[in-house]
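Working notes, structure below.
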Amino acid sequence: MALYSEKVMDHFRNPRNVGSIENADAIGEVGNAKCGDIMKIYLKIDNDIVSDVKFETFGCASAIASSSMETEMIKGKPLDEVLQLTNKSVTESLDGLPKHKIHCSVLAEEAIKAAVKNYHDKQKNNI
Ligand code: FES
């Protein structure tokens, strides 16, 4: 059996929403100290809905595939729904990841939560 699903390979080879957003409304950046991989998510938010999302991931194939899938899953979604996203749902949408690569999908979940937190913090500071 192949180590990676076709979906993982597809999102790794043709990642969706790669890049950055100038004047992003929120940015979430996280890293994994063990493997050294870094993930950065940029959000454009209109009326609490993610109108655009981009990512830069300096990491392994699973981290890139997880980021890519995640951006597809949250685009056009309200923030409260975005916060429900888990590494499990990302992994399931990719038709699974090898056990030792699950932490890569965790990084994706943490990045998006960090971005939403960044957005809420900014909102608070604007009041
Ligand atoms: Fe660390 Fe994939 S090996 S994020």
*Inspect all residues belonging to region 71-79 and state whether any of them is within 17 Å of residue 95 (Cβ to Cβ) and either not aromatic (Phe, Trp, Tyr) or not in a strand (DSSP E or B) (or both).*
yes
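Within region 4-36, can you find the residues that are of a type outside the set (Gly, Ala, Ser) and within 13 Å of the ligand (Cβ to nearest atom)? Spell out the reasoning first.
The initial filter retains those residues of region 4-36 that are of a type outside the set (Gly, Ala, Ser), namely 4, 6-18, 21-23, 25, 27, 29-30, 32, 34-35.
Within region 4-36, 4, 8, 12, 30, 32, 34, 35 qualify.
Name the single residue that is surrounded by the most Cβ atoms within 10 Å (Cβ to Cβ) among those in region 65-84 being aliphatic (A, V, I, L, M) and within 16 Å of the ligand (Cβ to nearest atom). Spell out the reasoning first.
Keep residues of region 65-84 that are aliphatic (A, V, I, L, M), which gives 65, 69, 73-74, 79, 82-83.
Within this subset, residues satisfying the condition of being within 16 Å of the ligand (Cβ to nearest atom) are 65, 69.
Details: 65: 30, 69: 24.
It comes out as 65.
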_If I go through region 1-55 residue by residue, how many of them are in contact with a strand residue (DSSP E or B) (Cβ under 8 Å, 6 or more places away or on another chain), surrounded by fewer than 16 Cβ atoms within 10 Å (Cβ to Cβ) and in a strand (DSSP E or B)?_
4
*Pairs only if they're at least six apart or on different chains, beta carbon under 8 angstrom, first in region 96-111 and without any contact (Cβ under 8 Å) to a residue 40 or more places away in the chain and within 15 Å of residue 73 (Cβ to Cβ), second assigned to a loop (DSSP other than H, G, I, E, B) and of a type in the set (A, V, I, L, M); list them, first residue then second.*
109/85
*What number of residues within region 66-93 satisfy the criterion of being within 10 Å of the chain's Cα centre (by Cα) and in contact (Cβ under 8 Å) with a residue 60 or more places away in the chain?*
1
*Could you check residue 96 against (1) closer than 19 Å to residue 10 by Cα; (2) among the small types (Gly, Ala, Ser); (3) over 10 Å from the mean Cα position of the chain (by Cα); (4) outside any loop (DSSP other than H, G, I, E, B) and say which number it fails?*
(4)
*Could you figure out which of (1) free of Cβ contacts under 8 Å to residues at least 24 places away in the same chain; (2) within 16 Å of the ligand (Cβ to nearest atom) isn't true of residue 62?*
(1)
*Please give the number of the condition residue 64 fails out of (1) in contact with a His (Cβ under 8 Å, 6 or more places away or on another chain); (2) under 20 Å from residue 22 (Cβ atoms).*
(2)
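Determine if region 95-113 includes at least one residue that is small (Gly, Ala, Ser) and away from the ligand (no atom under 16 Å from the Cβ). Before the answer, list the steps.
Filtering region 95-113 down to residues small (Gly, Ala, Ser) leaves 96, 105, 108, 111.
Now narrow it down to the ones that are away from the ligand (no atom under 16 Å from the Cβ): none.
Scanning region 95-113 turns up no residue that is small (Gly, Ala, Ser) and away from the ligand (no atom under 16 Å from the Cβ).
Bear in mind these aren't lab numbers, they're just calculated from the coordinates by the rules spelled out. Because the structure is a prediction, the values reported are computed rather than measured. Quick reminder, even Gly has a Cβ in these numbers, built from the backbone with ideal geometry, and neighbours come from all protein chains shown.
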